[in-house]
Amino acid sequence: MDQQYPNHLDTLAIHGGREPDPETGAVVPPLHFATTFERDADGEYRRGHVYGRQSHPTRDRLERALASIEGGSEAIAFASGLAACRSVFDSLAPDAHVVATADCYHGLKSQIGALAENRRMSVSWVDTGDTAEVASAIRDNTSLIWVESPSNPMMRIADLPALAELARDNDALLACDSTFCTAAVQRPLALGADLAVHSTTKFLGGHSDLIGGAVISRKAGSASERIREQQVLGGAIPSPFDCWLLMRSLSTMPVRLARQSASAERIAEWLSRRPEVAAVIHPSRPDHPGHDVARRDMLAWPGLLAFRVRGGEAAAKAVAGAARTFTRATSLGGVESLIEHRASIEGTGTRTPPDLIRLSVGLEHPDDLIRDLEQALTTNH
Ligand SMILES: *Cc1c(COP(=O)(O)O)cnc(C)c1O
């Protein structure tokens with residue numbers, strides 16, 4: 001479907017890249033496993049595909065779906081979220097300077113740290129929730145502002161329109177890791193970002209059964225061409241089956257996110273009234289530092305939250321240990337709710353408070369989730 005066609009997200013999620021198979025009329029996109037494609041008798045490739053790393057019909061449909069959902073001109077799919085992030089850094093000129101969110105996903109922090117150590121680029125870590133701090137970190141050779149918003153796990157919210165202006169004034173790109181949101185919650189490209197980045201492993205995949213990533217660019221041009229080159233020549237492509245699974249998941253994404261968002265807001269509100277809880281970290285809460293910007297820029301609340309338990313690390317670990325409906329596991333965005341003592345998964349050097357618990361809210365009934373939290377909090381106090 002023409003991605004400019006003025007449909008709502010719910011409609012785009014079902015029709016983007018999903019036109020019936022021209023060969024058979026199948027309503028469900030075919031899953032092609034072929035790695036190589038036939039040449040015409042004269043040696044041309046009029047059917048568009050040559051070799052699966054360069055382009056592939058199942059991945060092509062996924063990329064069109066992702067571009068349509070995110071409101072971008074082009075999506076480029078990767079084998080993981082970290083491979084998607086990496087493609088952006090590898091597309092920069094040598095010696096580029098990057099300003100990046102200090103409390104970003106810990107795996108990405110390690111990746112950027114290693115790139116900086118190898119002098120591939122230099123980095124300034126800032127609180128991207130503070131636009132003035134970002135502005136003061138800009139240098140002559142700053143070519144990218146990398147924002148994770150909300151950040152992980154403190155959920156700091158960046159003022160994306162203000163950062164987009166700052167990036168434009170300094171000839172830099174603005175990239176936003178929007179993994180915590182999806183287009184159901186936040187549209188970084190509509191807010192002025194040049195690139196929206198996702199770990200599709202999380203809410204977009206939504207079922208904890210695939211690993212993937214994507215970069216979606218607002219407009220066609222040299223940035224997206226260089227990232228496409230990273231995909232084709234770097235080779236970190238998703239398998240056809242993962243592309244197909246993700247396509248299937250995208251069609252239910254807006255409906256899943258609506259429920260996850262509403263349940264997360266309710267759980268955050270409930271936790272805020274509990275004596276065992278020292279602080280609730282979710283942009284829906286009026287005392288959250290990013291509440292006003294989130295209210296202005298977000299279409300719904302993110303489906304995950306964090307809270308700090310009175311009694312410190314031992315109490316927080318005991319709460320996670322007592323959960324029954326919530327599953328103790330890392331990651332987020334699946335249909336099942338997850339509970340996690342965040343500092344211990346991030347390991348040494350983490351700046352995450354030791355009394356912090358992160359919740360990924362799934363599709364269980366919110367009353368059951370609240371009852372589970374209630375028993376977990378009271379068992380330990
Ligand atoms: C999980 C995650 C990533 C990394 O994605 P993978 O698919 O695990 O490689 C990057 N950014 C954020 C915000 C994430 O939550």
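Please treat every number below as a calculation from the coordinates, not as lab data. No experiment lies behind these values; they were computed from the predicted model shown. Cβ placement follows ideal geometry from the backbone for every residue including glycine, while neighbour counts extend to all protein chains displayed.
Can you tell me the 0 to 90 degree angle between the C-alpha axis of helix 253-272 and the longest principal axis of the chain, rounded to 10?
Taking the Cα atoms of the chain, the angle to 253-272 is about 20 degrees.
Exposed loop chymotrypsin sites (Phe, Trp or Tyr not before Pro) only (DSSP loop, at most 13 other Cβ atoms within 10 Å): please give the longest stretch of the chain free of them, not including the sites. Mind showing how you got there, number by number?
Values: sites that count: 33, 45.
Segment 46-381 is the longest.
Give me the distance between the Cα centres of the stretch 362-379 and the stretch 94-146, rounded to whole Å.
38 Å
With a ≥ b ≥ c taken as the square roots of the eigenvalues of the C-alpha gyration tensor of the stretch 174-245, please select rounded if a/c is under 1.5 and otherwise prolate if a/b is larger than b/c or oblate if it is not?
Oblate, since a/c reaches 1.5 and b/c is not below a/b.
How high is the relative contact order of the stretch 14-94? Use alpha-carbon pairs under 8 Å, at least six apart in sequence, and give a whole percent.
This gives 24 percent for the stretch 14-94.
Would you work out which of 172, 211, 138 lies farthest towards the positive end of the dipole of the stretch 71-227, given +1 charges on the beta-carbon of Lys and Arg and -1 on that of Asp and Glu, about the Cα centre?
In the stretch 71-227, that residue is 211.
Let me check against my output: what whole-number percent is the relative contact order of the stretch 256-381, with C-alpha pairs under 8 Å and at least 6 apart? Don't jump to the answer; show the numbers that get you there.
On the way: 233 pairs, mean separation 33.8, N = 126.
It rounds to 27 percent for the stretch 256-381.
May I ask you to derive the relative contact order of the stretch 134-188, considering only C-alpha pairs under 8 Å and at least 6 residues apart, and to give it as an integer percent? List each step's numbers first, then the result.
Details: 52 pairs, mean separation 22.0, N = 55.
Answer for the stretch 134-188 is 40 percent.
Most fluctuating residue of 24, 128, 352 in a GNM of the chain with Cα springs under 10 Å: which is it?
24
Would you calculate, for the chain, the mean residue ellipticity at 222 nm contributed by helices, counting each DSSP H stretch of 4 or more residues as -39,500 (n - 2.57) and dividing by all residues, to the nearest 500?
When only DSSP H runs of four or more count, the value is -10500 deg cm²/dmol.
Rounding to the nearest 20 debye, state how big the charge dipole of the stretch 276-321 is about its Cα centre with +1 on each Lys and Arg Cβ and -1 on each Asp and Glu Cβ.
40 debye
Rounded, prolate or oblate: which fits the stretch 79-232 when a ≥ b ≥ c are the square roots of the eigenvalues of the alpha-carbon gyration tensor, with rounded for a/c under 1.5 and prolate only if a/b beats b/c?
Cα axes put the stretch 79-232 in the rounded bin.
Compute a Gaussian network model of the chain, connecting alpha carbons closer than 10 Å, and tell me which residue from 177, 194, 292 fluctuates the most.
292
How are the alpha carbon pair distances in the chain distributed across 10 Å bins from zero to the largest one, expressed in percent?
5, 24, 32, 24, 12, 3, 1, 0
For the stretch 212-295, what is the charge dipole size about the Cα centre, in debye to the nearest 20, if Lys and Arg each add +1 at the Cβ and Asp and Glu each add -1 at the Cβ?
200 debye
For the chain, take the longest principal axis of its alpha carbons; what is the angle in degrees between that and the long axis of helix 106-117, to the nearest 10 within 0 to 90?
That works out to roughly 60 degrees.
Which of the trypsin sites (Lys or Arg not before Pro) across the stretch 1-96 are loop residues per DSSP, with 15 or fewer other Cβ within 10 Å?
Here the trypsin sites (Lys or Arg not before Pro) that fit, given the DSSP loop and packing criteria, are 39, 46, 47, 53.
Taking only the alpha carbons of the stretch 37-138, what extent do you get along each of the three principal axes, in Å, biggest first?
59, 32, 22
Answer with one residue from 345, 88, 78: the one whose Cα lies farthest towards the positive end of the charge dipole of the chain, charges on Cβ with Lys, Arg +1 and Asp, Glu -1.
345
Loop by DSSP (not H, G, I, E, B), at most 16 other beta-carbon atoms within 10 Å: where is the longest site-free stretch of the chain for GluC sites (Glu not before Pro)?
Details: sites that count: 23, 38, 44, 336, 364.
By the stated rule (loop sites, at most 16 other Cβ atoms within 10 Å), 45-335.
Give the angle, between 0 and 90 degrees and rounded to the nearest 10, that separates the Cα long axis of helix 160-169 from the longest principal axis of the Cα atoms of the chain.
50 degrees
About its Cα centre, what dipole magnitude does the chain give when the only charges are +1 on Lys and Arg Cβ and -1 on Asp and Glu Cβ, stated in debye to the nearest 20? Spell out each step's value before the answer.
Details: 39 positive and 48 negative charges, 129 e Å.
Roughly 620 debye for the chain.
So which trypsin sites (Lys or Arg not before Pro) in the stretch 166-222 pass both tests, a DSSP loop state and at most 16 other Cβ atoms within 10 Å of the Cβ? Please report the intermediate quantities before stating the final value.
Working: sites: 168, 202, 218, 219; in loops: 202, 218, 219.
When the trypsin sites (Lys or Arg not before Pro) of the stretch 166-222 are filtered for loop state and at most 16 Cβ neighbours within 10 Å, 219 remain.
Which of the trypsin sites (Lys or Arg not before Pro) found in the stretch 294-381 are in a DSSP loop and have at most 13 neighbouring Cβ atoms, other than their own, within 10 Å?
Working: sites: 295, 296, 308, 310, 317, 324, 328, 342, 351, 358, 371; in loops: 310, 324, 351.
The qualifying sites are 324, 351.
Specify the residue with the greatest mean-square fluctuation among 329, 114, 214, computed from a Gaussian network of the chain linking alpha-carbon atoms under 10 Å apart.
114
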